[in-house]
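The values are calculated or read from the model by the stated rules, or taken from the named source; none is laboratory data. Computed from a predicted structure; not experimentally measured. Using ideal geometry, Cβ is built from the backbone for each residue, glycine included, and neighbour counts are taken over all protein chains shown. Accessible surface is based on the protein model in full, side chains and every heavy atom, while ligands, DNA and RNA are left aside. Shrake-Rupley method; radii C 1.70, N 1.55, O 1.52, S 1.80 Å.
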Amino acid sequence: MPNPDANQNIYYPFRSTASRPFIFASPIHEFSVDRLVAGVRARRALQVLIGEPGTGKSTLLHFLLESIPEHTQTLFCYSSAIDSGQLLTFVAEHLPDHHGSRGGPPDLESFQRLLRMNCPPDHSLLVIVDEAQHLAPSALDLMLDITDWSASSGGRALFVAAGDEELERR
């Protein structure tokens with residue numbers, strides 16, 4: 001493969017998520033991405049993307065990553081078969097001022113303090129959870145607790161959860 005320079009356009013159509021020129025985005029896919037981006041810009045604390053397997057939810061999440069507004073730190077959780085402690089630890093460990101936790105995951109109050117330290121009022125942390133139907137019930141409850149707090153404190157923590165119909169039932 002040639003060494004790419006700044007003037008070349010290199011595309012990778014055969015990766016697990018192909019680049020945009022190789023994907024046909026139907027009007028409903030474009031509309032969905034626009035809605036997700038608008039939700040992040042409006043600091044909607046929780047957005048849920050539901051669809052049958054193979055309908056392009058993961059691809060939409062990758063398109064969302066390309067359109068994230070400035071001042072938004074993003075975490076993408078691929079391994080969503082986790083409980084509340086693992087979710088809280090995953091997010092906290094990716095914040096710059098996290099210094100590790102002694103004795104397990106941080107509690108919700110210390111997580112909120114950590115988030116306030118890392119996200120000034122004009123910044124947000126966006127956590128994207130793919131295959132969210134696999135989250136443990138405690139992790140779903142934690143997401144709701146964080147988004148409730150976030151909605152009342154200026155929208156610093158945002159979640160986009162994608163999954164199949166099982167997520168909707170939960």
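Do the conditions hold for residue 124, that is, is it touching a residue at least 12 places away in the same chain (Cβ under 8 Å), touching a Ser or Thr at 6+ places or on another chain (Cβ under 7 Å) and of a type in the set (S, T, N, Q)? Give the derivation first.
Numbers: touching a residue at least 12 places away in the same chain (Cβ under 8 Å): yes; touching a Ser or Thr at 6+ places or on another chain (Cβ under 7 Å): yes; of a type in the set (S, T, N, Q): yes.
So residue 124 fits the description; yes.
Say whether the condition of being farther than 15 Å from residue 48 by Cα, out of contact with any Phe, Trp or Tyr (no Cβ under 9 Å at 6 or more places or on another chain) and in a loop (DSSP other than H, G, I, E, B) is met by at least one residue in the range 161-169. Walk me through it before giving the result.
Residues of the range 161-169 farther than 15 Å from residue 48 by Cα: none.
Scanning the range 161-169, I find no residue that is farther than 15 Å from residue 48 by Cα, out of contact with any Phe, Trp or Tyr (no Cβ under 9 Å at 6 or more places or on another chain) and in a loop (DSSP other than H, G, I, E, B), so the answer is no.
Suppose we filter the range 58-71 for residues that are within 19 Å of residue 25 (Cβ to Cβ) and open to solvent by 30 Å² or more (accessible area, probe 1.4 Å); how many remain? Can you show your working first?
Filtering the range 58-71 down to residues within 19 Å of residue 25 (Cβ to Cβ) leaves 58-68.
Applying the additional criterion that residues be open to solvent by 30 Å² or more (accessible area, probe 1.4 Å) yields 58-59, 62, 65-68.
Looking only at that region, the number is 7.
Within the group 74, 55, which residue is open to solvent by 60 Å² or more (accessible area, probe 1.4 Å), within 29 Å of residue 25 (Cα to Cα) and not in a helix (DSSP H, G or I)?
Working: 74 fails: open to solvent by 60 Å² or more (accessible area, probe 1.4 Å).
Testing whether each residue is open to solvent by 60 Å² or more (accessible area, probe 1.4 Å), within 29 Å of residue 25 (Cα to Cα) and not in a helix (DSSP H, G or I) leaves just 55.
Among the residues of the range 91-107, are any open to solvent by 20 Å² or more (accessible area, probe 1.4 Å), touching a residue at least 24 places away in the same chain (Cβ under 8 Å) and in a helix (DSSP H, G or I)?
Going through the range 91-107, the residues open to solvent by 20 Å² or more (accessible area, probe 1.4 Å) turn out to be 93-94, 96-107.
After this cut, where a residue has to be touching a residue at least 24 places away in the same chain (Cβ under 8 Å) as well, the list is none.
No, the range 91-107 contains no residue that is open to solvent by 20 Å² or more (accessible area, probe 1.4 Å), touching a residue at least 24 places away in the same chain (Cβ under 8 Å) and in a helix (DSSP H, G or I).
Among the listed residues 157, 81, which satisfies the condition of being touching a helix residue (DSSP H, G or I) at 6+ places or on another chain (Cβ under 6 Å) and open to solvent by 40 Å² or more (accessible area, probe 1.4 Å)? If you could, list the steps in order and put the result at the bottom.
Working: 157 fails: open to solvent by 40 Å² or more (accessible area, probe 1.4 Å).
So the residue among 157, 81 that is touching a helix residue (DSSP H, G or I) at 6+ places or on another chain (Cβ under 6 Å) and open to solvent by 40 Å² or more (accessible area, probe 1.4 Å) is 81.
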